[in-house]
Protein chains: 2
Amino acid sequence: MTLADVAETAGVSAITVSRVINQPDKVSASMRDKVQKAIDKLGYIPNRSASALASARSGVLGVVIPSLSNAVFNDVLRGIYDVAGPAGYQVLLVDTHYSPMEEERMVRTLLSQAPEAMIITGGDQTQHTRKMLVKSGVPIVQVMETVESPIDMNVGFSHRQAGYDLVTRLLANGFDRIGFLGARMDPRAQQRMLGYKQAMDTAGRNYDGLIVTTPKPSSIAMGGELLRSVMSSSNGVCDALFACNDDLALGALFECQRMNISVPGDMAICGFNDIETAALVNPSLSSVHVPRYEMGVTATEMVLKVLAGNEVENKKIDIGYTIQMRQSTSTDIHW
Amino acid sequence: MTLADVAETAGVSAITVSRVINQPDKVSASMRDKVQKAIDKLGYIPNRSASALASARSGVLGVVIPSLSNAVFNDVLRGIYDVAGPAGYQVLLVDTHYSPMEEERMVRTLLSQAPEAMIITGGDQTQHTRKMLVKSGVPIVQVMETVESPIDMNVGFSHRQAGYDLVTRLLANGFDRIGFLGARMDPRAQQRMLGYKQAMDTAGRNYDGLIVTTPKPSSIAMGGELLRSVMSSSNGVCDALFACNDDLALGALFECQRMNISVPGDMAICGFNDIETAALVNPSLSSVHVPRYEMGVTATEMVLKVLAGNEVENKKIDIGYTIQMRQSTSTDIHW
DNA sequence: TTGTAAGCGTTATCAT
DNA sequence: ATGATAACGCTTACAA
């Protein structure tokens, strides 16, 4: 079922059919009608490969994320799909499993689809990946974190600063021995930990035995495990926790409830990302709110702007974050 | 940067380069070396569109899901990616936003990429969508639910039966006035509700004022709202709830906690899907466990099998479910 | 407004 | 084992 078939059925030339599909304005109404009938009759569906080859426009937006299981990327993805879809772009999504080597393979795979633009997570690509990306010449946005020297464009926020601010706030609220829980320490988690350390250092606090991390994947269950770890490594002398993400924080919270450790009375807990559960669990969980959906939307709008031939004035956008203090870090006597 | 460029650089013909890439065995070692060097030197990346056009093999697996925000589909997706990726297939994912009309558009879009196989959610496609799918001639698996007359293949389970079993179990445990909470009643949610009604009917129970649903999207917050609704519509005479999914169930649970309604003492609650939080929240949440990841894996293995030219003996697979009874529906006096 | 011809980058087919 | 040539289905450039 090809253009030629439709053309024959309609009694016109192939190019006319092509025009009816892609530039209807350039075709007379009568032609349009005739051709459209033939299309419907035959159930013709254009072949994008042929179209891409002939026009050098693939209509593909490549997206690289480190994990499909992490709900955080879902929100970004939604933003991307919501903008890319209506604009007529197809999203080709690949998952690197947090591995720079796999990322290299995936980027090559993606590039072989001749994407017109790419959105990629973070700034820690291998040298080779960067080279491929630059060479491709397509507009690229690195998302999720602010990047010193972006390949092209960048939308994110400083995870280090967010961690620093949060811990500083906890210290100001009178928490003394603040622990850090982390799992699967990707570059952004590392930055959050760095922020934690800087805040503790600035306040002249020692964090020996207060940091517990694991290379294993993050999960709610892991949050429970890490809580038990920090209780023992700190000899129980720990009155607050900065969990690297909300899953860990929830796991720690649930585990505290089972161990009859009062939150925030005996242990304050805060997470990162502000997933929906955070605001609704009891006690509600303090967290760092990040506009993930907006990040996806913004990144996609940026590449579309470039593709439309317009200038992007600000190639580096810090989309910020807001700290949500809730019951789990309250110092109110009633808690 | 094309095959021809590489060929020239290596001093061979284009087809030889193609062979080095696709069928290295058919090329002598010396040629392979020479060509590979040229490829590396030029940083050549093959053009999939041209390849797809010439070979009539796109290497694309089309996947249709109703929502990117629903974590449930994520697990299925992971299973799909984990099998499709290593097999050399690219996943092209589209989101229908639970709309059959949008699904029709999306399927057309997908088909224009000439996917070699498709995985699509559920069995409620429009007549036209079905027609397109059948006509495409590619292997197709409908996932998430058992389908009476699959377009081609099917992997799922009976949501109606699961709902029926769960409610029957609650009745057997002595719960009397069991309510139903539902949001965004997609076909599978409808089936769960039907199962609920059948179980109630079978037990001779009346469910006036006990069913509360909304067309709005499901969320944890919505679970809280629906809980308040059912409390009022049932005049407070409701001792157990079957929430259509775990988000609603968690929302109801959290809201009960805030309203000082003891769970399960005053109100038993159970959900559906068995997301990770279910087993870890306090009290732990009863739910229906569904092997989502396995569903994605199985579906993908089925299409790969067909693509490899093998027979699939069982085209309809009921992957089952297991009911997880936990603290939230316990009748133990200690709760 | 419509059509003709050439070519996009790759692979199938058929030689050598 | 390697290569020449002709597709694949569409769009660009140019003509009518």
Worksheet entry | Cα-based convex hull, chain B, per residue volume (Å³, whole number) | 161 Å³
Worksheet, complete the sentence: FRET efficiency (B:Asn235, A:Arg258; Cβ distance; R0 35 Å; to 0.05) is 0.50
Item to complete: Along Cα-to-Cβ, 7 Å out, sits the label point; list in nm, shortest first, how far the one on A:Val312 is from those in the other copies.
Response: 4.0
Worksheet item: Excluding A:Ile211 itself, what net charge comes from residues whose Cβ is under 13 Å from its Cβ, given Lys and Arg +1 and Asp and Glu -1?
Response: +2
Fill in: ³J(HN,Hα) computed for each position of region A:206-211 - Karplus, 6.51 cos²θ - 1.76 cosθ + 1.60, integer Hz, glycine/proline x
9, 10, 4, x, 9, 9
Response to the item:
Sequence order, region B:124-134: Karplus ³J(HN,Hα) from phi using 6.51 cos²θ - 1.76 cosθ + 1.60, θ = phi - 60°, Hz rounded, Gly and Pro as x, gives 9, 6, 5, 4, 5, 4, 4, 4, 4, 4, 4
Fill in: For B:Val91, distant residues with modelled amide H under 5 Å away
B:Leu61
Worksheet item: At what distance in nm do the modelled label points of B:Ser30 and B:Ala54 sit from each other, each positioned 7 Å from its Cα along Cα→Cβ?
Response: 2.5 nm
Worksheet item: Calculated from DSSP H runs of 4 or more alone, at -39500 (n - 2.57) each and per residue, what is the 222 nm mean residue ellipticity of chain B, nearest 500?
Response: -14000 deg cm²/dmol
Worksheet entry | For B:Val138, net neighbour charge (Lys/Arg +1, Asp/Glu -1) across residues whose Cβ lies under 9 Å away | -2
Response to the item:
Partner shielding of A:135-142, as the mean number of partner chain Cβ atoms within 10 Å, equals 1
Discussion item. Can you give the log10 of the normalised intensity I(q)/I(0) at q = 0.11 Å⁻¹, computed with Debye over equal Cα scatterers of region B:233-335?
Written reply: -0.45
Discussion item. How far, in whole Å, is the closest Cβ of chain B from the axis that maps B onto A, and which residue does it belong to?
Written reply: B:Ser49, 2
Worksheet entry | Largest-first principal axis extents of the Cα set of region A:116-208 (Å) | 51, 20, 18
Item to complete: Would you tell me the mean number of C-beta atoms belonging to other protein chains that fall within 10 Å of each C-beta in B:48-59, as a whole number?
Response: 5
Item to complete: Go through region A:42-50 residue by residue and turn each phi into a ³J(HN,Hα) via Karplus (6.51, -1.76, 1.60, θ = phi - 60°); whole Hz please, and just put x for glycine and proline.
Response: 7, x, 5, 10, x, 9, 5, 4, 5
Response to the item:
Note: B:93-103 gets an average of partner chain Cβ contacts (10 Å, Cβ to Cβ) equal to 2
Worksheet, complete the sentence: Share of Cα-Cα pairs in region B:3-46 beyond 14 Å, whole percent, is 32 percent
Discussion item. Within region B:274-306, name every residue whose backbone N is under 11 Å away from a label modeled 7 Å from Cα of A:Ala221 along the Cβ vector.
Written reply: B:276-277, B:279-280
Discussion item. From Cα pairs below 8 angstrom and at least 6 apart in sequence, can you work out the relative contact order of region B:159-289, rounded to a whole percent?
Written reply: 24 percent
Worksheet item: Given H placed 1.01 Å from N in the peptide plane, which residues other than close sequence neighbours of A:Ile317 have an amide H under 5 Å from its amide H?
Response: A:Asn154, A:Val155, A:Gly156
Worksheet item: Using the beta-carbon distance between B:Ala14 and B:Leu307 and R0 = 30 Å, what value does 1/(1 + (r/R0)^6) give for FRET efficiency, to the nearest 0.05?
Response: 0.65
Discussion item. Taking amide H atoms as placed 1.01 Å from N in the peptide plane, list the residues 5 or more away in sequence, or in a different chain, whose amide H sits under 5 Å from that of B:Thr213.
Written reply: B:Gly182
Response to the item:
The simple spin-label model distance between A:Asp82 and A:Arg228, using points 7 Å out along Cα→Cβ, in nm, is 4.0 nm
Worksheet item: What are the distances, in nm and sorted shortest first, from the label point of A:Thr126 to the label points of the same position in each other copy, with each label point placed 7 Å from Cα along the Cα-to-Cβ direction?
Response: 4.6
Practice prompt. Mind grabbing the base-10 log of I(q)/I(0) for region B:218-286 at q = 0.13, 0.17, 0.19, 0.20 Å⁻¹? Debye formula, identical points on the C-alpha positions, no solvent, two decimal places.
Written response: -0.28, -0.49, -0.62, -0.69
Worksheet item: Shortest first and in nm to one decimal, what separations exist between B:Ser232 and its copies in the other chains, measuring from label points 7 Å along the Cα-to-beta-carbon line?
Response: 5.1
Worksheet item: Which values of log₁₀ I(q)/I(0), to two decimal places, follow from the Debye formula for the protein assembly as shown at q = 0.06, 0.11 Å⁻¹ with a uniform point scatterer at every Cα?
Response: -0.39, -1.20
Worksheet, complete the sentence: hull vol. (C-alpha, convex hull) per residue for region A:159-289, Å³ -> 89 Å³
Worksheet item: Hey, with R₀ at 41 Å, roughly what FRET efficiency would B:Glu276 and B:Ser149 work out to, going by the Cβ-Cβ distance, to 0.05?
Response: 0.75
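Taken together, the values in this text are just the output of simple stated rules run on the coordinates, not laboratory data. Worth saying up front: this structure is predicted, and the values here are computed from it rather than measured. Don't worry about glycine lacking a Cβ; one is built from the backbone with ideal geometry, like all the others, and counts go over all protein chains shown.
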